[in-house]
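Reading through the structure tokens given below for one structure.
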Amino acid sequence: GSPLDRFAALFGLLGPPGAVAELWDLAAAVAASTQRGAGKQHVPAVRDPQTPHQGSVATVLNHKAQELEMRKNIKARGIGAAKREDVLREAAAAHLLAGNFESYCELCIELGAWADALMAAPAVGVAYWQGLMARRAERLIEEGAAEEEL
């Protein structure tokens, strides 16, 4: 393997146990981006790192958001189990940080946070924002909202 791989293996044998894999992932990302040039970014494998390389932040956040969305349909049991609403909020926040504005908006709607969804909708596009406004108006009509609220 490469000199970096040899150093990582040696450090794994002689260094403290655990939590060093992230250090070597970051070192590999920096080494690869240096070899490829400044314009190309190496994105290391996603292992839910505590400190992701700048080239993999969006990938890590997308992965986290998708995991959380999958958890929303699992019934929570036991002490300390996350509530569905909490999982949805966390997934929405991860989508927002990753720049997935449409997913953020849809999760906000699922949470009943229409104002948050409508504020972020223009980042997706004018057509999406207009569609969301129409959906909100339809929902208010279904709920029997007063004409002033529309």
Original post:
Roughly how many Å² of residue 118 are accessible to a 1.4 Å probe, to the nearest 10?
Top reply: 40
Original post:
Counting Lys and Arg as +1 and Asp and Glu as -1, what is the net charge of the other residues whose Cβ lies under 11 Å from the Cβ of residue 12?
Top reply: 0
Original post:
In nm, to one decimal, how far is the residue 106 label point from the residue 133 one, both placed 7 Å along Cα→Cβ?
Top reply: 2.3
Original post:
Can you give the accessible area of residue 70 in Å² (nearest 10), computed on protein heavy atoms with a 1.4 Å probe?
Top reply: 130
**OP:** On the full set of protein chains, 1.4 Å probe, figure out the accessible area of residue 85 and give it in Å² to the nearest 10.
**Re:** 90
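At a Förster distance of 22 Å, what's the computed FRET efficiency of residue 145 paired with residue 115, Cβ-Cβ distance as r, to 0.05? Could the numbers behind the result be given before it?
On the way: r = 14 Å, r/R0 = 0.65.
Efficiency at R0 = 22 Å is approximately 0.95.
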Subject >> Potential extension, residue 63-residue 7 segment - 0.36 nm per residue separation minus Cα distance >> reply: 17.3 nm
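The values are calculated or read from the model by the stated rules, or taken from the named source; none is laboratory data. Not measured: the values here are computed from a predicted model. Don't worry about glycine lacking a Cβ; one is built from the backbone with ideal geometry, like all the others, and counts go over all protein chains shown. Quick note on the areas: whole protein, heavy atoms, side chains included, nothing else; ligands and nucleic acids left out. Shrake-Rupley method; radii C 1.70, N 1.55, O 1.52, S 1.80 Å.
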